[in-house]
Amino acid sequence: MISKKEQRIVAIVWIIGIIVVWELLSFLLKNVIHDPMAATKLPYLHTVAMTFFENWKTLLEAGAVTFSRAAIGFALGASVGIILAVLMSLSKTMERIAFPYLIVSQMIPVLGLAPIIFNIVRDMNVSRIFIAAYITFFPVAVNMLSGLKSVEQDKKDLLFSISANKFKVYQKLMFPYSMSYLFTGLKIAAPMAVTASILVDMLGSQSGIGVKILYSLYSNSTNIFWASVFTSAFMGIISFYIVIFAERLCLPWQNAVPGKEGVRA
Amino acid sequence: MKSKVANLLWPLAFGIALILAWQFGLLHKMLALKPFQLPVPSEIASTLAANLPKALKDCGVTISGALIGLIIGSSMGFMIAAIATFFPKWGYGGLIVVTALNAVPIVALSPIMNLWFSTGMEQKIGVVTVVCMAAMAINAYSGLNNLKPHSIDLMYSVAANKWTIFRKLRLPNSLPYIFTATKINIASAIIAAIISEYFASSTSGLGFGIKDNLRKAEMAMGWSYIVVASLAGVILYCIILLVERDALKWHASQK
Amino acid sequence: MNAPEIQIKNVSMVYPVNNGEDIVALNDVNLDIQEGEFISLLGPSGCGKTTLLRIIADLNKPTSGSVSIRGQSPRDIRLQRKNGIVFQTPVLYDWRTVRRNICMPMEIMGVPKKERTARINQMLDLVELRDFGDKYPFELSGGMQQRVGIARALALNPEFLLMDEPFSALDEFTREKLNEDLLSIWSKTKKTVIFVTHNIPESVFLSDRVVVLSPHPGRISAIVDINLPRPRNNSIRETPEFYDYVTKIRRSFEGV
């Protein structure tokens, strides 16, 4: 087994390696292959970084707009997902009705629906929140349900033997038990919600990081474009780590349990 | 037997009720929508029937791009996982980088691919490849490494070398995980392909069709593209399920 | 002699199987259990011993026959929360510390906060885990986890302690130690204990009476009174009397 410290060193070496390779490739593209579009196709990483620091305020503001909408949608979708999972675990009929559609709903290219939903609601923020919620709800519902369904019978028997009522069973056993499954779903959903929010930006919003990406691309301000792309990439990664951080905070007993495989589709 | 019928009947009844509600305007009333905003099912169906050849052609463009990207990306992802398995220390770090890549919003990639590739098809394949690579790498890595306790000890006891362990133990062990990744990737490949078409210079494909028809305010046509895309996704998913059932007869999930 | 505390009358349990051959887990079982008695249900797997325990605990309903506990049904007893159950695995809640695991049944019952703390301390003393109250289950050994399970079962001060192969997953040394601990806890609390096991020496060591069950179909094949002196400790395992009881019970299986 590799120690935590060693892991960290390895990861740092990797990041440095990627930066070096990137710089090398941009150099090759520009000075060896003499690609006239070199600065657009693969600019030097340090120029992108500098652009980011020069424009960090506008970039972060735009990012914050996108991120906050994603967060609202995420919260909404997660709540709907949790409620649906609980309903499905409470009633067999409910599960029979909803589960097949849960799977089918994933085959509908939701992000592809973005323009159509925008056309229906005619409000950028509503459609952004709606799509982010739609995307979030599925992984949350499926993982939460699989958590609720995998509670061991012994644990339920124990509560039954002291005649705990349904509410108590959910409060004391089912919810705490399913928490780690729920977080697996949230971890999958968080970057997807950010993606959805950015996409809606790009489809004709007034503000947000997606707008920055498109405008800078069309107006040939390459460095801003690349800086925006990096910002949006970091937003996705950060959303993932926020969930991980929340999990560490909420589930201190999780340290011993090996990671569970999530259900995405 | 009884429960099987119930498993089929309940969702079917719900689906029919939903379509009826949609057809007869109940859904519009509930959501306060005008018919031109959300066309009714019969209108979508007739539009689709009238434009079937064009819709299928566009579908073919998108799906073929998605499938090629899926195959390239999955192979690359598996290679990464295999390399990470053979060189645990450095490979694991690489995998962390790939995991981070998985959290990168794909839409941000499609304009980049626009810069690198000249045709819409290449660009589409590029986006799908990146999207599929991460999910496959992560899943395949767990499959190659989440071995049953003692199974690797058994291999050591007969002095098997690394390559034999890979072929006889890790590879079969990873199969269920690979199928899981493929099932995830089918949905995301189609979505990625459609999204990349929104931003590409292409003049065909489902994504282009949806965007173009919406601009022309042909909602029914846009919806029929969505229907085609969903059907294509479901069919591909079912094909994978069938292959999986055949390939994984030994696995507990199949019982 | 008093009227029996638990009366099991003509209890049968049949599980229907699709191919028509029903599995008879219990066939016409009759048994009386006295107050304060330590009873073992002993037998190989498939003899229905766990099923019988679960019927007494109202976790399963018998196909036919009846169980009466102090003249009431098992369901009434369960609703009055008079059972403490210990399972084969510790069944601890991973997300709760040892203290809060022991606390859980009291939360369900609505025991006042102050009383809970006192009771938890008392229980931790009883199972000798004073210094481990704030640990999570994954930080404990298997034997310690099972002791927490016992403490949790006793926390409600139940009238009946029902134990389903509680020590079968532990190694022999830990098992013998816990056997001794269990007897000392029992002598302090004087509950009626029903103890399911497939280990002959364990059943002899612990019990006043060993009820031997045999499979296909599950039924009582012998009831052996254990007249070893109490209090018992592990040295009694080396006496000829102990050996005789073990042999006698083993022979009763060979006769089947």
The FRET efficiency for C:Phe173 and C:Glu238, from their Cβ-Cβ distance with R0 = 22 Å and rounded to 0.05, is 0.90
Expressed as a whole number, the average count of other chain Cβ atoms within 10 Å around the Cβ atoms of A:197-207 is 3
The rounded separation in angstrom of the Cα centers of segment C:117-133 and segment A:1-72 is 56 Å
The FRET efficiency for B:Ser118 and B:Val227, from their Cβ-Cβ distance with R0 = 30 Å and rounded to 0.05, is 0.45
Listed by chain and number, the residues whose amide H is under 5 Å from that of C:Leu213, excluding neighbours fewer than 5 places away on the same chain and using placed H, are C:Leu42, C:Gly43, C:Ser221
Shielding of B:171-183 by other chains, given as the mean Cβ count within 10 Å, works out to 1
So for R0 = 25 Å, FRET eff. of C:Asp76-A:Lys149 from the Cβ-Cβ r, to 0.05, ends up at 0.20
For the pair C:Lys190 and B:Tyr156, the simple spin-label estimate (label points 7 Å beyond Cα toward Cβ) gives in nm 5.7 nm
quick note, chain C, DSSP beta bridge pairs, % antiparallel (nearest 5) is 50 percent
Rounded to the nearest 5, the percent of DSSP beta bridges in the protein assembly as shown running antiparallel is 50 percent
Residues other than B:Thr47 with Cβ under 15 Å of its Cβ, Lys/Arg counted +1 and Asp/Glu -1, net out at -2
Computed ³J(HN,Hα) along segment C:175-182: with the Karplus parameters 6.51/-1.76/1.60, θ = phi - 60°, integer Hz and x for glycine or proline, the list is 4, 5, 4, 5, 4, 4, 4, 4
Ordered by number, the GluC sites (Glu not before Pro) in segment C:1-56 that occupy a DSSP loop and have at most 13 other Cβ atoms within 10 Å are C:Glu21
Computed over chain B, the relative contact order (Cα-Cα under 8 Å, seq sep at least six) in percent reads 25 percent
Calculated from DSSP helices alone, with each H run of at least 4 adding -39500 (n - 2.57) and the total divided by the residues of chain C, [θ]222 nm to the nearest 500 comes to -11500 deg cm²/dmol
Checking C:Ser73, C:Ser40, C:Ser12 against a Gaussian network model of chain C (alpha-carbon springs below 10 Å), the top fluctuating residue turns out to be C:Ser73
Highest mean packing first, using Cβ neighbours within 10 angstrom, the peptides C:65-71, B:58-64 sort as B:58-64, C:65-71
Quick note on B:Arg167, A:Arg96, A:Arg128, ordering by fewest other C-beta atoms within 10 Å, gives B:Arg167, A:Arg96, A:Arg128
Pseudo-spin-label distance B:Leu18 to A:His46, built 7 Å along Cα→Cβ, given in nm, is 5.6 nm
The Cα extents of segment C:1-95 along the principal axes, largest first and rounded to whole Å, are 44, 43, 26
As straight-line cross-link partners of B:Lys89, the qualifying lysines (C-alpha separation under 26 Å, not fewer than 8 residues apart within one chain) are A:Lys4, A:Lys5, A:Lys187, A:Lys260, B:Lys148, B:Lys162, B:Lys168
Rounded to the nearest Å, the spacing of the alpha-carbon centers of segment B:176-240 and segment C:22-78 is 60 Å
Quick note on A:Phe52, A:Phe130, A:Phe234, ordering by fewest other C-beta atoms within 10 Å, gives A:Phe234, A:Phe52, A:Phe130
Subtracting the Cα-Cα distance of A:Ser91 and A:Glu23 from 0.36 nm times their residue separation yields 18.7 nm
Restricting to Cα pairs under 8 Å and 6 or more apart, the percent relative contact order of segment C:101-197 works out to 32 percent
Dividing the mean separation of Cα pairs under 8 Å (6+ apart) by the residue count of chain A yields a relative contact order in percent of 25 percent
Residue-ordered couplings for segment A:146-153, obtained by feeding phi - 60° into the Karplus form 6.51 cos²θ - 1.76 cosθ + 1.60 and rounding to whole Hz (Gly and Pro as x), are 5, x, 4, 7, 9, 5, 5, 4
Most fluctuating of C:Thr50, C:Thr117, C:Thr197 in the GNM of chain C (C-alpha, under 10 Å) is C:Thr117
Here the whole-number average of other chain Cβ atoms within 10 Å per Cβ of B:93-103 is 6
Asserting the computed 222 nm helical MRE of chain A (DSSP H runs at least 4 long, -39500 (n - 2.57) per run, divided by residue count, to nearest 500) equals -26500 deg cm²/dmol
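Each reported figure results from applying straightforward, stated rules to the coordinates on display, with no laboratory input. Because the structure is predicted, anything quoted here is derived from the model rather than measured. So basically every Cβ, Gly included, is an ideal-geometry build from the backbone, and we count neighbours across all protein chains shown.
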